[in-house]
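See below for the structure under consideration.
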Amino acid sequence: MMILILLVVLVAGFVSGRLGLFAFLAPLESEAVIYVLYAMVFAISVGIGAQYRDGEGERLSFKALLYSVTTIAGSLLAACLMSIVLPVSAKDALICASGMGWYSLSTGLVYTYSPSLSVATFVYCVSREVLSIFIMPLLIKKFRRPEVVAVGGTATIQSSVACAAVTGDNTIVLYGLLVGTVISMLVPVLISFFMGI
Amino acid sequence: MKILLIYILIMGAGIALGYKTKFSSKSRTRDLFQKGCLLIILFLLGHQLGANEEVANSMTSMGLTGLLLCLAAMAGSFAVVLLLRMALEGRKSARSGEEEQR
C-alpha cells in the first residue's frame, strides 16, 4: 500500500512538472531535496541507535558481514556486465545498482548527478523491493538464508517477513534486518564514491 | 566526497543520539516524520523530472534500463552469495533457519 502511495505522489509531482504547475519550486528543489534527505537520514539513524540500545539490533557476525559485502559485490558485478548491452555506461550502471533497493535515499542522491539516471535508479530500487517480496518466499523452499536474503538488497525486511510466513522460520526476519542494515549503511557511501570517480 | 562525509557525520550523530537518549526505537512520530520526508522528496523529484524535457523524453528507456539492472543485480547477488556460502559451509549444512548465523 505504501509503495502505491509513493508511486502516486511521484506521478503527481511528474504531472505537475509537465503541466508547469508550482513553477516557483524550481529554483529551490535541488537544495530542498538534499536537506530533507539529511533530516530523514538523521531520523533513521536515531531509530537504529535506539534499537541497539534496547538490544533489538542483531549482533553482527563475521559471516553476516561477509555475506552483506558479497551481496553488494554481486549486484555491482552484474550491473557492470549488463551495462554492455544497456544504453548506460559502466559507471552509471554502478551508481544505479549502488541504490541496492533503497529508493528514497538513492533516487535523491543520484538526481544530483544525473536526473535521467535517477529515473532508472528509482525503477531499479522499487522493482527490487517489490520483486523480492514475491521471489524470496519461492527461493527459501530450495535455498538457504544467505543467498535468499541477498536477493532483496536493502529491501529484505518486508520480503523476509513474507519468507517467515511461508516457512514458519522467524529467524530469517532478524537475519534479513541485520544484512539489510549493513547494506543500507553502505548505500550512501557507494553512491557518493561512484559519482566521484 | 563532501556529501559522503556529511552523511557519515549525520548517521553517526543520529545513532549516538538514539543510543544515549531515551528516544523510543518504535516511535510513531519518527515514523510519520520519515514518511512525510519521503513524500516531499518524491513529489519534488517527480516535479523536477516532469519539468525536465530531457528526462521526460528518456523516461521509457531509463525505466526499462532500471528494471533490467534490477533483475541482473538480484541474480548477481544471489549467485555470488550462493557460491560463497557453498564454499564456506558446503552443500550439506542445514537449510535456511538452522545455520550458525543465529
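Numbers at a glance
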| item | result |
| --- | --- |
| Phi-based couplings in Hz for the range A:185-190 (Karplus 6.51, -1.76, 1.60; Gly and Pro marked x) | 5, 8, 4, x, 5, 5 |
| Cα convex hull of the range A:1-83 - mean projected area over all directions, nm² | 9.3 nm² |
| Estimated dipole of the range A:1-106 in Debye, rounded to 20 [Cβ of Lys and Arg +1, of Asp and Glu -1, Cα centre] | 180 debye |
| Cα-based convex hull, the range A:59-196, per residue volume (Å³, whole number) | 96 Å³ |
| P(r) of the protein assembly as shown over all Cα-Cα pairs, binned every 5 Å from zero, in whole percent | 1, 6, 12, 16, 18, 17, 14, 9, 5, 2, 1, 0, 0 |
| Folded to 0 to 90 degrees: helix A:115-139 orientation relative to chain A principal axis, Cα | 20 degrees |
| Using a Förster distance of 30 Å, the FRET efficiency for residue B:86-residue B:20 (Cβ separation, nearest 0.05) | 0.10 |
| Descending principal axes extents, the range B:1-57, alpha-carbon based, whole Å | 49, 31, 10 |
| For the protein assembly as shown: lysine pairs under 22 Å (alpha-carbon distance), excluding those fewer than 8 apart on one chain | 8 |
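Bear in mind these aren't lab numbers, they're just calculated from the coordinates by the rules spelled out. Owing to the predicted nature of the structure, the values given are computational and were not obtained by experimental measurement. Here Cβ is always computed from backbone atoms with ideal geometry, including for glycine, and neighbour counts include all displayed protein chains.
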